[in-house]
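One structure is given here, and the rest of the page talks about it.
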């Protein structure tokens, strides 16, 4: 079993996987961690296989079909070497991601191939096990697409102020806020001095979706499906949230009155800070995304946010655990 701190840098990744066989054996050790090599072919439940001398291919003893550790995953039937997939995962999990042009240069493939890799990875990032949110949930919407005032005169869109998203695409986010407590301890350097140290009991977790509009029919079903009843839902004064107090403790922060923390001490600023990261990622790395593919970029942002506290190897392994998708 590899240590959880082995992949600290891209140099570690390249050094650890010098051959295609080493890549496949690592995938197999993570995919079948219990040693039971369940056949990935549809309709077969075989749990035993013959191993070829190359250490890559297997033959199911039940259905007699060949498979590898990549069968049934986003890497299946790909001619791209597995080490390039690993490096792509590592780079896609950078703080603001990576563009297909830059990835193409870094792993020596065409831009179209890099775009193909990144979109398959975004499908993996969005293939998370459904997690119900509980505790204090900050809910907010944003609009992706740039400000009308910054456009050239010939490209300005009429009547696109405020929530009129003619030229933008709305996104809804639900953020389960961090649970923490503080303990006093002695200062590590100065004798006789004590400091308060923050201990995180539960990291913040976010779920986001690209939605058609910001009406009640689009927002409330997502809230009610993904948030456990009895939780605290914090939102702004937008009318689409009215009625949530039937099963939730609904706290309203009135941004229209320049209120950012309500009288009970609740705020939705954590989700708004997340939107800043999402938009800077699009502006700085991708520059522009289409409505057709925007939700994939949103899922990529959510995955990076949720596992930002993990080390490089743990992030890669989390992505590998989601890779049973084409």
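Tell me whether the stretch 224-326 comes out rounded, prolate or oblate; compute the Cα gyration tensor, take square roots of the eigenvalues as a ≥ b ≥ c, and use a/c under 1.5 as the rounded threshold.
Prolate, since a/c reaches 1.5 and a/b exceeds b/c.
Below 8 Å between Cα atoms, with a sequence gap of 6+, how large is the relative contact order for the stretch 1-148 in percent?
For the stretch 1-148, the relative contact order is 15 percent.
Could you work out how far the C-alpha centroid of the stretch 46-114 sits from that of the stretch 183-246, in angstrom?
If we compute the Cα centre of each part, the gap is 36 Å.
Percent antiparallel among DSSP beta bridges with both residues in the chain, to the nearest 5?
The answer is about 75 percent antiparallel.
In vacuo Debye scattering of the stretch 1-114, one point per C-alpha: log10 I(q)/I(0) at q = 0.18, 0.20, 0.21 Å⁻¹?
Debye curve over Cα of the stretch 1-114, log10 I(q)/I(0) at q = 0.18, 0.20, 0.21 Å⁻¹: -0.99, -1.12, -1.19.
Neighbour counts of other C-beta atoms within 10 Å: give me 132, 79, 198 arranged from fewest to most.
With the sparsest Cβ surroundings first, the list reads 79, 198, 132.
Expressed in nm², what is the orientationally averaged projection area of the convex hull enclosing the Cα positions of the chain?
Answer in nm², one decimal: 23.0.
Over the chain, what is the mean sequence separation of C-alpha contacts under 8 Å (at least six apart), divided by residue count, expressed as relative contact order in percent?
Contact order relative to length: 21 percent.
What translational diffusion coefficient, to the nearest whole µm²/s, does the stretch 136-288 have by Stokes-Einstein, given a Kirkwood radius computed over alpha-carbon pairs, a temperature of 4 °C and 1.567 mPa s viscosity?
Taking Rh from Cα pairs, D becomes 73 µm²/s.
Please tell me the relative contact order of the stretch 136-288 in percent, rounded to the nearest whole number, where contacts are Cα pairs under 8 Å and at least six residues apart.
23 percent
As a test, work out the antiparallel percent of DSSP beta bridges whose residues both lie in the stretch 136-288, rounded to the nearest 5.
Antiparallel bridges make up about 75 percent of those DSSP assigns within the stretch 136-288.
Computed from the coordinates by the stated procedures, all read-outs in this text should not be read as laboratory data. All values derive from a computational prediction rather than experimental measurement. Methodologically, a virtual Cβ is constructed for each residue, glycine included, from the backbone with ideal geometry; neighbour enumeration extends over all protein chains shown.
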